[in-house]
Each structure stands twice: as C-alpha cells, then as structure tokens.
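Written out below as structure tokens is the structure these notes cover.
All of the numbers you see were taken from the coordinates with simple rules; none came from a lab. All of these numbers come straight from a predicted model, not from anything done at the bench. Glycine also receives a Cβ, built like all others from the backbone with ideal geometry; neighbour counts cover every protein chain displayed.
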2 protein chains.
Amino acid sequence: MALRLGRLGSGPCWRAARGGGCRQLCAWSARGTSARVCRPPGTAGTLLCRGLGHSPSAGGGAWLGTGLAAALAGLTGLAAAAFGHVQRAEMVPKSSVARSPSPGRREDEDDLARRCSTFMTSPVTDLHELRRRPEDMKTKMELLIMETQAQVCRALAQVDGVADFSVDRWERKEGGGGITCVLQDGRVFEKAGVSVSVVHGNLSEDAAKQMRSRGKVLKMKDGKLPFTAMGVSSVIHPKNPHAPTMHFNYRYFEVEEVDGNKHWWFGGGCDLSPTYLNQEDAVHFHRTLKEACDQHGPDIYPKFKKWCDDYFHIVHRGERRGIGGIFFDDLNSPSKEEAFHLVQTCAKAVVPSYIPIVRKHCDDSFTPQEKMWQQLRRGRYVEFNLLYDRGTKFGLFTPGSRIESILMSLPLTARWEYMHSPPENSKEAEILKVLRNPRDWVH
Amino acid sequence: MALRLGRLGSGPCWRAARGGGCRQLCAWSARGTSARVCRPPGTAGTLLCRGLGHSPSAGGGAWLGTGLAAALAGLTGLAAAAFGHVQRAEMVPKSSVARSPSPGRREDEDDLARRCSTFMTSPVTDLHELRRRPEDMKTKMELLIMETQAQVCRALAQVDGVADFSVDRWERKEGGGGITCVLQDGRVFEKAGVSVSVVHGNLSEDAAKQMRSRGKVLKMKDGKLPFTAMGVSSVIHPKNPHAPTMHFNYRYFEVEEVDGNKHWWFGGGCDLSPTYLNQEDAVHFHRTLKEACDQHGPDIYPKFKKWCDDYFHIVHRGERRGIGGIFFDDLNSPSKEEAFHLVQTCAKAVVPSYIPIVRKHCDDSFTPQEKMWQQLRRGRYVEFNLLYDRGTKFGLFTPGSRIESILMSLPLTARWEYMHSPPENSKEAEILKVLRNPRDWVH
C-alpha cells in the first residue's frame, strides 16, 4: 500500500497522507508518470513519497565508508530488489514531531521543524535527537544533505515540469536509513536520482582493514568500531543529448576508537558528463565550482579538479567519464567547522553550476545520430560505474545494501556498438579528444 | 583501407580481395549493413573481412588464462578502441599458403588447406606450422575453434538472412592473435559476436600468482612461464524478446615450467538467457547439451549444469543471468585426447542446441512491454559481465587487451529502471522465479 506525502513544507498534507486520504492516487508506476499528485503551488513537479515498513532483511554491516558515496546512498539492511511495490509501501512511523505537528503548534516556534518542512520528507534521524544536539556535526551535516536533496529535486522538478519524484524512505536494520528520490522518464530527464543516507553502527573488521589500507590504523574493541556515515549522492541523466549528465555527492564520516579517540572526515565532488562538447557550458560549470572552492582557499579548486580527472578515468578506454569538475576525499583539515563550510559551499553550488546548462539545452533540436552517440556515452557511464566506481562496487558487494539506491546511478538506456569510432573532425571526435586529454577550463 | 575477403571456401575471392579488386565495397559501417558483399551460394548472410596491419600498441602480457574465455577472446596488444576504422583496415600478410594457394594447386592435395577453406578466414597460426605438428593438441584445438566459429557464424547468418558479419583479424605483439566476427543490428540479431583467439608468450608473475591461487603452483624461470592459450567465445543477442540470448566458449591452456613439466587444461560452457520462460525451449537446450555430455559419461552433465548455475550468478540481485546450461574449468582428465573429445562434442552441440530456438521465435509478435522487459534483462546481462565475469574483468584490467573483442559480449541496447518489479503471476515474474531458483530441465 502506497501512502502519499506532500512536500515543500506541506505539513497538513503529510497528516492527510498518513490518514490514507488519497490512497487511490498512490499506485506506483514503473514509468513514474501515473503518480503525479498533490502539486503544491510554486512548483511544476510533484512528489510521491513511499515509506518502507518492512524490517531490513539481509544481515551484514560491513561498511567502508570512506569516499564511497554510492555505497552510503545504498547501504541499508533492505534487499529492496526482492520485494514488489505493494510490499514496499508501508510508512515507517518514527517521530510524531516530524510528521505530525501538534494542532495549533506554530512552525515558527521551532526553527528546526521549519527547516525540516522544506525537505523531501522528515530527516532520517528523529527530530528529538537532532534538537538534542544542535551543534554536533552529525546534526549539521544531516540537515545539509537533506536540504541539498530538496534543493536539487525542486530545481529538477521545475525544469522537467511534468514528471514526479518518487520518494522512498528506507531503514537499515543495523542503524539509520535513507531517503531515495527518483524521477524517471520525464519530459526533460531520462532518470534523475538524489539519495540521502544516514547510517550508523559498528564497522566490521574487514571494513576497518580497508581503512587501514587507506592510512588509518584504528583501535577496535572486541572486533568492533562504532561509526556514523552520511551523505547525499545524485546522478542526473537528461533526455536531450545536448544536455549533459551530472553527478554529485557530499559525505561525512565519524569513527570512534576503543580509547574514545574520534576520527572524522568529509568527501565529495561534482562532475559533468556531456555527450557533446559545449565550451561555454564547460566554462560555466567549472567556474561555478571554482568560485565555490575559492571562498575557502586558492589551492582547493586546482587540487580537486585534478583529483576529479584522475578518479573518473575509464582506464580500459583511455577516456575520462566526462569533462570533470571537483572530487575530494579524507578531508579533515583545517578544522571540522571549516571543512564543513567548504562542503556546504560546494553543495550549494550544485544547482547554479548545472541547472542553467540543462535549462539551456533541454529543448535543443537533435538528430537520431546525436541521440545514438548519447546512448553510446551512456554505455561508457555504465562501464565506469560498474567497473571502477569504488562506492558502487563496495555497495554491491556488501550484504544488506539497498541495491536500487546504488544502481539508480545507471542511465535508463544505454548502447554498445562493436568498434564504433566517430569520423575525424566530427563533433563526436571533438568530445572524445577532451575525454582523453582533460582540459583546464578556467584559466 | 578495408580489404574484402570472401568466405565459405572461396579461395579465388580471397585472392581478388588481396588484389584490392573490390575496395569500393569495403567501407565499414557502424550499422553493419552497408558491407554486404560477395554473397556465396548456399548462404543468405555474407561477410566482410578486415585485417589489421598495425603493430600492436600497448605493452604488457600478463595473462591469467584459466577459465577466462572472454579475456582469451580479447587479449592482444592492440588497443583497438583508439583507432578509427580506416586505420584498422590493413591486411596482415602472414602465410602465402593460407591465403593464396599456388595456381594449379588442387585443394584435395591438402586436407588441412581444404578444412581451413571453410573457416571465416585463415587460422591465426601459419599453415606451415599447423602442418608441421598435426597431432599436437594446439593444432587440433585451433582447428576446432576456427571450425566452431565458422559453423556458428554461418548458421547465424542464414537465420538472419540480411546482416553481415564483420571479420576482424588482429595480432598480439607478444605472440599470436585472433579473429573477431560480429554481426550487428541485423534483421534477427541485435548483436552476435563469435571471437577466436590463439595467444602465446610468457605469463607474468602476477598471472602466475593468480594460477597459484587456483591451486596450481608453477615453477618459473627468471619470472617467466611460457604459455599458450586459445579459445572461441561468443554471445548472441537476438532482437525478438521471445528469442533468447546465448553464450558459449571453449578454451585450451598450456603452460611449461622451468623443468620442462607441462600443464594443460580445458574449460568452457554454453548457457541460455531468455527474456521469457519457454519450457519447451529450455528442455530442448538442456537436453541437447546433456546428450553431448552423456557421450562422455553420465556424471558430466549434472556436474557441469550445477557449475553453470553457480557461475552465472548475479549475486547482488539474487538472480542467475539465465536458465543455465553447462560450464566447466580446469578440465585435465581422464586424458588430453578424451578431454578434447568432450570439448569437441560440446562445441558441435552449440548450433543444434540454439539455432532451432532462435529460428522458432525470431518472427514471433511481441508488445512494447515485452521489448522493455527484454531491455531490462539486457541490463542485468551487462551487470553480470562487468561486475562478475572473470574473463571480462581480467581482460579489461590487462594492459594490451583488445577491448572491443572483450566487450562485444555487451548487448547493443540495455535499460535500467529504478525499482522495477513485475506484477505477481506475470510472465516476467515467472522467469524471475526460475532465475532465482534454477530448475532441473531434463529429469
């Protein structure tokens, strides 16, 4: 049974949904178009929210959690692929405060509640808990990733103008959960996913070993290492071959050793994968990210830009996945607050770096050949994500992962042609050249 | 420059092609349809043969070679993806005997030449060399895989009736080479690839280590281990969602230790991945393979059938890739000859196990929904090949691999939908049930 939740601060709509008042509208469609309901004023797109009432199934809590945003987005105890839609449709009642403000209670009595009311749904962590520790980085980061999810989804829905975001809330047996928002087969977007996860528990020995291999030797107690990890992860695939694919993620990690010693770090990035090169778009995208980074130091953008080119490398093709952007990991300096502010600035740059580009090109005319080249580039995207992306691979190989949240990054459609090679001096050859030799876009 | 070679025993056509007499017909098309030339009597499909005159580029000869048919099919020093078609089109002159029988020489004077004349093109190894060692297993196996390639290509071309096989001959800098035949976007087939490779040289230490991890401790000299590996590997994706995808490969490996001690083994298999379950087809496929295996002992089919179900497992989905077939590796008993005869019988069973099924269904009517489900299953096929298939992964991560031969196994088109789950009791749910719980088809 699917329960609909309104969004964009529509508290009363939440209540109505929980009461089951519009169940007849809630059947979920694989095409994502039959669920268009409850269009709030001021937004073209609307949202369907489905919670998951099932207890998480598979066991295993092994979690690497460093630089693995997709795993972050996908890790939960629920093997969702095994369930039909009807089975997945119960709401998880967690906090009466979050979902049902007492009648008569004014939102301005509570800044936190007001802030949360702009999210796609209530945060993963109970509002009581968030209110109890307002200065804790876990609270700040969870609010940031929820806010980023809402900002991006709202902007995408406005551009699309037709299709809906489905909103899935899921829980992780071992602790925490997530919220996965997907818009599929819309007017502008082929597939757009924005997923939040906030998970905690104990790192397994295997996961801790992985961290040792990354230069961190952590003291465990009885083979356990308490951790918290959270992040927002997103991949946006537009339909029009002149509108590029965009990916971003921002994440935070905390781990506590047996002697009480705490480690923390941030990671993240944002990168663009166009089908065809558009110099102006590339400069706009990189310049927006550079301006964000520059607020925190002149060396940040060059370092993160190179890191991005190095990371999104389809080695067997000798190509980058796209024209890059920024990427970073293990960021734990100069201070927790300053690192957070950098992440916050970068997260805020997602919408201005990307939305103008997709808005500019979403109605461009294109030929079947251009569409086919886009599909071939989608194939390369799949190759990178399945063969190289650390988060995707780690998530898929970790028992208890939420497969659907991890693989929401894959395009709706992709193509592989044997020995395809574009003619010299073609537009297709032009972008390939850039993918093989990353350029400096802002100097 | 593309040079056309006739096939199916068309010796004179080879000569004409080498003379460049029909260059105007040889421009290679990404769609695979403009190259239809030189249709020999008795076959509806025709073939375009392109040789590769470029020296192999990338270095590295690391090669696992155990159970890795896709790597076998793809390993060469040529990073083909980096070249345009024009660049790849020179013929490699290797043996005047193979390609240009002396005028007046009668084919029946030479059984080997007559046998070779039925192949897609001349074998990888020079005919002088093959003639020198007729009883060597390397000769027997190379002729078997060349023969199997030709039989399968001929049968597929006849069923398709319209599209052509492109035939790429490639060389490996470190020794050996291969012949990759691909039919793309035909009437019946979306993509059909049948690739032969025959490679030799020295296994690197890394590759030898891999073999140790498989239970073989091999004594190297100066970090080197001479090896020969050869195989035929194929994936056939029909267009019609009621015609299943089929994969097979058969391979042979030899390695020589420093003390002259030789090891050898065979591997291979054949499996079916239908979009919809057809009980009759499944029984026919498995029964044909069982009859082949039963000629060599009653325990073989049950063992290889289970091995196949275990190997083609998309673990993160909890699904098998298809309804199985047979799979085996490290086969080195009861004797080299007997093992070869088993492989030979299995290879001969490919056409009768599959062609009647694809012929039966290639003109079935289907709905857009059925096509979409096929595309989703294609997505799963991609997931298996990129995430789990040992050969694909090893090949891709080995410097000097021929990427295009390895990735010819990927479908022309594929699809991923977020949270797709077919309705209960649907035809889609029926096949999923079988993919989750492999069945016994012949008892």
With a cut-off of at most 15 other beta carbons within 10 Å, and DSSP calling the residue loop, which GluC sites (Glu not before Pro) in segment B:386-443 qualify? Please list them. B:Glu424
Descending semi-axes in whole angstrom, ellipsoid equivalent of segment A:224-297, from the Cα gyration tensor: 35, 16, 6
Search the structure for amide H atoms under 5 Å from the amide H of B:Glu319, placed 1.01 Å from N in the peptide plane, and list their residues when 5 or more places away or on another chain. B:Ile314
I need the Debye-formula profile for segment A:394-443: one equal scatterer per C-alpha, no solvent, reported as log10 I(q)/I(0) at q = 0.17, 0.22, 0.25, 0.28 1/Å, two decimals. -0.81, -0.88, -0.95, -1.04
Could you name the lysines whose alpha carbon sits less than 20 Å from that of A:Lys306, not counting residues in the same chain fewer than 8 places away? A:Lys290, A:Lys433
Using the Cα atoms of segment A:315-443 to build a convex hull, what is its mean projected area in square nanometres? 11.3
How well do other chains shield peptide B:313-322, expressed as the mean number of their Cβ atoms within 10 Å of each residue Cβ? 3
For the axis carrying chain B to chain A: nearest C-beta residue of B, whole Å: B:Leu386, 2
How far is A:Gln295 from the same spot in each other copy, in nm, shortest first, if each label point sits 7 Å from Cα toward Cβ? 7.3
What nm distance separates the two modelled labels at B:Asn437 and B:Gln369, each placed 7 Å from Cα along Cα→Cβ? 2.4
Listed by chain and number, the aspartates and glutamates with an alpha carbon less than 13 angstrom from that of B:Lys221, same-chain partners under 8 positions apart left out, are B:Glu205, B:Glu256, B:Glu257, B:Asp259
Computed from the beta carbon distance with a Förster radius of 22 Å, FRET efficiency for A:Val283 and A:Glu424 to the nearest 0.05 stands at 0.30
Table column - 3J(HN,Hα) (Hz), segment B:331-342, Karplus curve with 6.51, -1.76, 1.60, x for Gly and Pro: 7, 9, 8, x, 8, 4, 5, 5, 4, 4, 5, 4
Quick one: Karplus J couplings for segment B:361-368, per residue in order, coefficients 6.51, -1.76, 1.60, θ = phi - 60°, nearest Hz, x for Gly and Pro? 10, 5, 10, 4, 6, 8, 9, x
Using a 7 Å offset from Cα along the direction of the beta-carbon, what are the separations from A:Lys371 to the same position in each other copy, nm, ascending? 1.1
Sequence-distant aspartates and glutamates (8 or more away, or on other chains) whose Cα lies within less than 17 Å of B:Lys348: B:Glu142, B:Glu147, B:Asp271, B:Glu291, B:Asp294, B:Glu337, B:Glu338
Nonlocal amide H pairs with A:Arg402, under 5 Å, H built at 1.01 Å: A:Leu75, A:Thr76
Which residues qualify? For B:Glu190, with a placed amide H closer than 5 Å and at least 5 residues away or on another chain, they are B:His237, B:Lys239
Put the label 7 Å from Cα along Cα→Cβ for B:Phe397; what are its distances to the other copies, in nanometres, shortest first? 0.8
Assuming 1.306 mPa s and 10 °C, estimate D for segment A:266-349 with Stokes-Einstein, Rh taken as the Kirkwood radius over Cα pairs, in µm²/s. 120
